[in-house]
Number of protein chains: 2
Amino acid sequence: MKPFSSLVNKIFSNKLVISQSNSCRCFASTRIQASATRVIVNDAPTTASNPPLSFPCLDKLEQKNKQLSSGELKPRSMVHNNIDRLETGPEPNYGFVTTGFKRYHSKKPIFLDYGGHLKEYTIAYETWGQLNRDKSNLVLVHTGLSASSHAKSQPHNTKPGWWENFIGQGKFIDTDKFFVVCTNVLGGCYGSTGPSSFDPANNERYATRFPILSISDMVRAQRELVKDEFQVEKIHASVGASMGGMQSLAYGWEFPDEVDKLISISGCARSHPYSIALRHTQRQVLMSDPNWNRGFYYDKIPPHVGMKLAREIATVTYRSGPEWEYRFGRFRADESRPPALCPDFLVETYLDHAGEKFCLEYDANSWLYVSKAMDLFDLGEKSRSEAQQNRLQSERRYSGIGKNGNDFSEFEVVPKKPYEEKSKPPKNYTVEESLQDLKKGMRKMANKDVLVIGVESDILFPVWQQREIANVLLENPDNKTGKIEYFELGTDISNYGHDTFLLSLEDIGKPVKRFLESQ
Amino acid sequence: MKPFSSLVNKIFSNKLVISQSNSCRCFASTRIQASATRVIVNDAPTTASNPPLSFPCLDKLEQKNKQLSSGELKPRSMVHNNIDRLETGPEPNYGFVTTGFKRYHSKKPIFLDYGGHLKEYTIAYETWGQLNRDKSNLVLVHTGLSASSHAKSQPHNTKPGWWENFIGQGKFIDTDKFFVVCTNVLGGCYGSTGPSSFDPANNERYATRFPILSISDMVRAQRELVKDEFQVEKIHASVGASMGGMQSLAYGWEFPDEVDKLISISGCARSHPYSIALRHTQRQVLMSDPNWNRGFYYDKIPPHVGMKLAREIATVTYRSGPEWEYRFGRFRADESRPPALCPDFLVETYLDHAGEKFCLEYDANSWLYVSKAMDLFDLGEKSRSEAQQNRLQSERRYSGIGKNGNDFSEFEVVPKKPYEEKSKPPKNYTVEESLQDLKKGMRKMANKDVLVIGVESDILFPVWQQREIANVLLENPDNKTGKIEYFELGTDISNYGHDTFLLSLEDIGKPVKRFLESQ
């Protein structure tokens, strides 16, 4: 047994480090916990009424900081293969990948919906199945926020993808019939150009000099891939769930003559303030991590704590209460232990683990930009026509660039009046007017076949958002030939909430397959 | 106009400080934003493709840190009167107070549900109306997580309280008929003993040496006040919403013979894993603020960033999507400004403001302990009998304390086996068994008149939790004389979500008044 003095040395500030030596653990844990710090140091008899709480979760974060500082731990690429995954419960494979994809590189600039531009860009993509002779069977699969192009295993990356059992021979998206393409979105961090990429203009990482992106910007880049790489003039279908469900509609909006069918699962036609609020909290938490350093962390310790917390909040919005009732109940991780402020209930350790898995996998800046693009998504007339104006301005500005570098003087980054918090919309605002604007905007999508699927237990993209898509399309006065189908999965079918598309494959897949394969 | 070199001096790291001088603002904002940092410093012609984003929200936090460091800004007491409130929209008055309450001080120790104890403790309280001769008209009003005893204005504090128009002469809780008492909970920070209080055992602030609390601990302290201060043997009613709805039931559970009527609004009989998850994210965010310093921040900069973020997340759970659709829509705070990662949409500036208002008002440790007490709330048999055992052990331990200080050796703070994440409950767990445990536990509440009110748009305490309370009470085989009433406010009546009890006073108040005043 270690002498008492050696235990005293392990006490600093308000943290207790319990010796890992088995022989003295019992002694250490009872004796050290029994006294407040100063008592031992001062050797005074007055002790606190109760023992101090311990914080294993903070010890762990500090440990991680040390490992990141020393290089023992590295973001993404290194950690990728080391992290154990939750092996129980219905955990989807979110498909983190760093290899095995192809790259499409565009030397042409892309002008963006909010006035920025990328001089050149790369889109990482993977394919399954064969493009047919008349090039009419391309199905573009769009990802959610954090997923990569790795929707399914393929020879260059045999790990299961995030829709492994959804795509394949004879499966819901049948690779015997379709040539399936999935990309990593512009702004992402799995091979496509994003904030962690180098800006060809100055050879530095973009970081938060990356321009604000939109969902339409993402699909415009995908369209270049489709045309340039595969010489496809019209794709068979644009399919996606969550943010992918936004992209699938955006593709139809931007290029109505270049796509036959649209499938939007658990998506929306415009982001709702409640969803914006949920993503807002994630972004603010991440940006408040001092290691985020306003986006310039690439040669430092990354904001792993902020990312972990952001992912935990996101995970709460991806699922539903009833699922967790059945899965975790009110059980605590260790019933032999008194309650703690660190993760304690089973559901807390699950969230902690979900955050932990993710925090070094995904680039923090990519998360922010892609999350923001989701907030900005709006197929309404006003939003889309402003975006068009912005792109034109961006192009004009770009054309005007001489040898002396860029001129941003027209680019009003700073508001006309100083930044100010407001709490009410313009006086003339009504929900009805806003709906009319959406209806006007979506008239462009007339005569497209569209399948919309919603899930009742989804909190992040509630079903009334999918009903809205379907209703607006159905009431489109210009629609003559487009078939609009709407499916809703009730709580009797799925309690998986927003993640249903990753988990209830059969329920989502059947209508998708029928719709894709119908004439 | 300032010379170019003076602007260069204002650029450091990746932050841009724009001169506040009106004469050069326009120049500064366009020129500085137009170039990436190094470019100017190196005087090289290569510039980034796009201007860097600005982060006014982070500038503000840094500014606040400085003000807190210099003492220009102080937590709670000083800030209390300086913060402007949201003056538009249906914002409840959460009733932050620091004065005007009375104090009940118990010299007797209180032994707690999870094994800790307080040698002495204080309960801050306020009263309205008169105690009648036979002392039969006391109505105990319980608060939610962050509210104080200041439910209503009174001569010693004339500011409006959080239930200002609910309590009063002729109002829903009628002070012509009832003697109304509201306390600040044990663990809180508005005058009652909590983590920011001084431990009489060592004259230091408890901080995270404060023992883990339960909702029942809170009501046991309240009962001492009722008996000791007012010599009331049986109260007329125990009334509360949210955490107060937990307390109102807990009072009935702990002292079934000392209360006539129970009213639980937007409460539950046990916390659900989804609610635990929502509070978990708030606690983890707060604890991850380096300024939290494991709870020992009282002589330092308080964790105002973590508190702000925690409150923002909480605020999202207090409301509903439809309310925000009507209130904020998709409007941005400043349409003249390009999209930003800092608060941008109106709903974001609202959340930002809500967090800002709160972050120096409420004690961070109180938030953690009271939030945790909510998670632990469970009127099931297993939880309640374990708590009883723990209190007995705590008392025994306390009695054994000699002159040599406390002995915590029996107090197993450290788990028997090392801390480990788990993702599944014990194999034999079923939701039905868990419900049986609750039914068993709540048999004690037979023959009480109970009014339960739920709100359909509530995300944090969903209606099925209130239905559960009512159903379990209705199916109680021991219940012979107790009247169980259940009211549910649909989305056609209120879209205010969990906060409905603070906002739709009429809808909540009518059944409350009738129930309180019925024979």
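The values are calculated or read from the model by the stated rules, or taken from the named source; none is laboratory data. Everything numeric in this text was worked out from a predicted model, so none of it was measured. Note that each Cβ is placed from the backbone with ideal geometry, even for glycine, and that neighbours are counted across all protein chains shown. When the accessible area is computed, the model is the full protein with side chains, heavy atoms only, and any ligands, DNA or RNA have been set aside. Shrake-Rupley method; radii C 1.70, N 1.55, O 1.52, S 1.80 Å.
Below, the figures for the structure above:
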| item | result |
| --- | --- |
| Cleavage-rule hits (GluC sites (Glu not before Pro)) in the stretch A:432-486: DSSP loop, at most 16 neighbouring Cβ within 10 angstrom | A:Glu475 |
| ³J(HN,Hα) computed for each position of the stretch A:108-125 - Karplus, 6.51 cos²θ - 1.76 cosθ + 1.60, integer Hz, glycine/proline x | 7, x, 10, 9, 9, 4, 10, x, x, 8, 10, 5, 9, 7, 10, 10, 7, 8 |
| Amide H partners (placed H, <5 Å) of A:Ala124, local residues excluded | A:Tyr104, A:Asn184, A:Ser192, A:Thr193 |
| Accessible area (Å², 1.4 Å probe, nearest 10) - A:Tyr486 | 80 Å² |
| Within the accessible area of the stretch A:330-392 (1.4 Å probe), percent carbon and sulfur | 48 percent |
| Which of B:Ile265, A:Ile484 is most accessible, then next, and so on - probe 1.4 Å | A:Ile484, B:Ile265 |
| Cut-off 19 Å, label 7 Å out along Cα→Cβ of B:Lys300, residues of the stretch A:266-300 by amide N | A:288-292 |
| Among the listed pairs B:Lys261/B:Lys439; B:Lys107/B:Lys261; A:Lys300/B:Lys308; B:Lys448/B:Lys510, those beyond 22 Å (Cα-Cα) | B:Lys107/B:Lys261; A:Lys300/B:Lys308 |
| Estimated vicinal HN-Hα couplings, Hz - the stretch A:272-285 in sequence order (Karplus 6.51, -1.76, 1.60; Gly, Pro = x) | 8, x, 5, 5, 4, 4, 5, 6, 3, 4, 5, 5, 5, 4 |
| Buried area at the A-B interface (accessible, heavy atoms, 1.4 Å probe, summed, Å²) | 12100 Å² |
| Note, ³J(HN,Hα) from phi for the stretch B:492-504, Karplus 6.51, -1.76, 1.60, rounded to Hz, x at Gly and Pro | 6, 9, 9, 10, 7, x, 4, 6, 3, 5, 8, 10, 9 |
| Cut-off under 5 Å, modelled amide H: who pairs with B:Phe345 long-range | B:Ala333 |
| Förster radius 30 Å - calculated FRET efficiency between B:Thr491 and A:Leu474 (Cβ-Cβ, nearest 0.05) | 0.80 |
| Estimated FRET transfer efficiency when R0 is 22 angstrom, pair B:Glu224-B:Asn447 (beta carbons, to 0.05) | 0.35 |
| Radius 13 Å from Cβ of B:Pro290, net charge of other residues (Lys, Arg +1; Asp, Glu -1) | -1 |
| Long-range amide H partners of A:Lys152 with built H, under 5 Å | A:Gly161, A:Trp162, A:Trp163 |
| Loop-resident sites, the stretch A:174-231, for GluC sites (Glu not before Pro), counting at most 16 other Cβ within 10 Å (DSSP) | none |
